[in-house]
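Right, one structure below, let's go through it.
The values are calculated or read from the model by the stated rules, or taken from the named source; none is laboratory data. Model, not experiment: these values are computed from the prediction. Every residue, glycine as well, gets a Cβ built from its backbone with ideal geometry; the counts of neighbours run over all protein chains shown. Heads up: the accessible areas ignore ligands, DNA and RNA and are worked out on the full protein's heavy atoms, side chains in. Shrake-Rupley method; radii C 1.70, N 1.55, O 1.52, S 1.80 Å.
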Number of protein chains: 2
Amino acid sequence: MSTLTAKGQATRDRIVEATADRILAAGIGATSLDDVRADTTTSKSQLFHYFPGGKAELVRAVVALQGERVLDAQRPALAALDSLEAWEAWRAALLAHYAAQHGWGCPIGSLAAEAAGTDAELAEQIDDYLRTWRGELQAGLERMAAAGKLRDDAPPPERLAAALFAQLQGGLLLTRTEQALWPLEAALDGALVQLRAALAS
Amino acid sequence: MSTLTAKGQATRDRIVEATADRILAAGIGATSLDDVRADTTTSKSQLFHYFPGGKAELVRAVVALQGERVLDAQRPALAALDSLEAWEAWRAALLAHYAAQHGWGCPIGSLAAEAAGTDAELAEQIDDYLRTWRGELQAGLERMAAAGKLRDDAPPPERLAAALFAQLQGGLLLTRTEQALWPLEAALDGALVQLRAALAS
DNA sequence: TACGGTCTGGACCATGGAGTCCAATCGACT
DNA sequence: AGTCGATTGGACTCCATGGTCCAGACCGTA
């Protein structure tokens, strides 16, 4: 792993991406290394060549990739969540991302439950990821609070961020069970209603 | 299976309950029949005696039990969700239930992702369950709308119910990752904010 | 006490999937 | 061409786990 040829890097990437697709569609447990092998036309030895830690390491790479993708999709909006318009832009970015995603993959949050039982380290990684994501929302709210844009009787940024983030995650969950985008839309609308209610008049 | 002695019924119940605990703590995939056997001091033959369909049938029984439990916890409040006070009572009932639950089991919604990959029938059962739960909220909102208690420009009951339900499910997700109750509290607070915003003045 | 059904124990089988190993090939650099 | 490491193929081992089977214990009834 010290040195990776361009070819090797390409193979590695191919493996991670294909595995990500499968895991998002079927879950971790339902994704076998043989599946991955078939999807990528690779051999067992390659899987373990690029991921000496075996399936656990591969899955961790997948989670990191997918996490980065989702964060990237909100990136410009996420950095400047300090006005109602910015939050509306954030909402739009999320909807665009999940609408474009082929299939209705399970949200990362749903993997947490599965990971908790099988791989404590992975569970920790997912929890950390969710915390940083939520932290971004909280940071935006804190900037707004500091600028006096929030009502005095509004919930503190930490709680408000948790509520908004929960709204989002729940929306993703329903979007998956319903195989449709509208629950996520409805959820994000609800999040904005909450935000407006917290805005200083 | 046709006839169950009191003793047999007791054993069966013991199996389902112990399995429920394990599944809620570790997920479906991380719960093996041998684990269940050990937890309940039963033998393989008993497991298959009471659940001829094997693990799949057992898991379905667990989901049914847990679903019923959660619904029961909200029962009185759920039947009369037609005023702000009723929704506040509902919120309190949920918090009480999840606070009392030992450990921070994964919400049923989180099992959906795992089930989707391994047992389509189970996934369907879980989806149905989530739909009826959400349907209860929607029914309450529809009664309120019919009684003119909702603003004309409020979202339609279906979307509002989805938003509130998503808020709840997301709250459960965070409560698990944080191993604390406050995210669920914050989420339910957010749900009530949304509800108030939809109330006719 | 004999009988029939339910209940229980635990050995046994089958299989899928993770992980190992070695030999063969490729490709860059000398 | 020669060499060395990166890359690849695929057979093989090992084991966890779901599922089968049968013999025996329990228990109510005739």
Name the residue from B:TRP87, B:ALA20, B:ALA146 whose Cα lies farthest towards the positive end of the charge dipole of chain B, charges +1 on Cβ of Lys and Arg and -1 on Cβ of Asp and Glu. B:ALA20
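Classify the protein assembly as shown as rounded, prolate or oblate from the Cα gyration tensor: take a ≥ b ≥ c as the square roots of its eigenvalues, call it rounded if a/c is under 1.5, otherwise prolate when a/b beats b/c and oblate if not.
Details: a/c = 2.09, a/b = 1.12, b/c = 1.86.
Oblate shape, in that a/c is at least 1.5 and b/c is the bigger or equal ratio.
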Taking Cα pairs under 8 Å and at least six residues apart, what relative contact order does segment A:26-134 come out at, in percent? 25 percent
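What size of dipole, in debye to the nearest 20, comes out for the protein assembly as shown about its Cα centre when the only charges are +1 on Lys and Arg C-beta atoms and -1 on Asp and Glu C-beta atoms? List each step's numbers first, then the result.
Working: 38 positive and 52 negative charges, 70 e Å.
Result for the protein assembly as shown is approximately 340 debye, rounded to the nearest 20.
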Springs between alpha-carbon pairs under 10 angstrom, Gaussian network model over chain B: which of B:ASP153, B:ASP127, B:ASP72 fluctuates most? B:ASP153
Net +/- balance of residues flanking A:THR5 in space, Cβ distance below 13 Å, scoring K and R +1, D and E -1: +1
Top of A:LEU168, A:LEU122, A:LEU84 by mean-square fluctuation, Gaussian network on chain A, Cα under 10 Å: A:LEU84
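Solvent-accessible area per residue for segment A:6-198 at a 1.4 Å probe radius, Å²? Spell out each step's value before the answer.
On the way: 7630 Å² over 193 residues.
I get 40 Å² per residue for this part.
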Rounded to a whole number, what % of the accessible area of chain B do carbon and sulfur atoms account for, probe 1.4 Å? 53 percent
From the phi angles alone, apply the Karplus equation (6.51, -1.76, 1.60; θ = phi - 60°) to segment B:169-184 and give each ³J(HN,Hα) in whole Hz, x where the residue is Gly or Pro. 5, x, x, 5, 4, 5, 4, 6, 5, 8, 6, 7, 7, 4, x, 5
Residues meeting the amide H criterion for B:LEU199 (H placed from the backbone, H to H distance under 5 Å, 5 or more places apart or on another chain) are B:ARG151
Tell me, what HN-Hα J-couplings in whole Hz come from the Karplus equation 6.51 cos²θ - 1.76 cosθ + 1.60 at θ = phi - 60° for each residue of segment A:192-200, using x for Gly and Pro? 5, 4, 4, 5, 4, 5, 8, 6, 5
Work out from phi, with θ = phi - 60° and the Karplus expression 6.51 cos²θ - 1.76 cosθ + 1.60, the ³J(HN,Hα) of each residue of segment B:142-151, listed in order in whole Hz, and give x for Gly and Pro. 5, 5, 5, 5, 4, 7, x, 8, 9, 5
Semi-axis lengths, Å, chain B, gyration tensor of Cα atoms, sqrt of 5 times eigenvalues: 36, 17, 15
Which of B:GLN101, B:VAL70, B:THR118 sits closest to the plus end of the dipole of segment B:54-139, meaning its Cα is farthest towards the positive end, when Lys and Arg get +1 and Asp and Glu get -1 on the C-beta? B:GLN101
Proximal lysines to B:LYS44, defined as alpha-carbon separation beneath 28 angstrom and excluding residues fewer than eight positions away on the same chain: B:LYS7, B:LYS55
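Mind checking the mean number of beta-carbon atoms from other chains within 10 Å of the Cβ atoms in A:190-197? Kindly include the intermediate steps, with their values, before the conclusion.
Working: counts 15, 6, 1, 11, 9, 2, 2, 5.
Whole-number average of other-chain Cβ neighbours for A:190-197 is 6.
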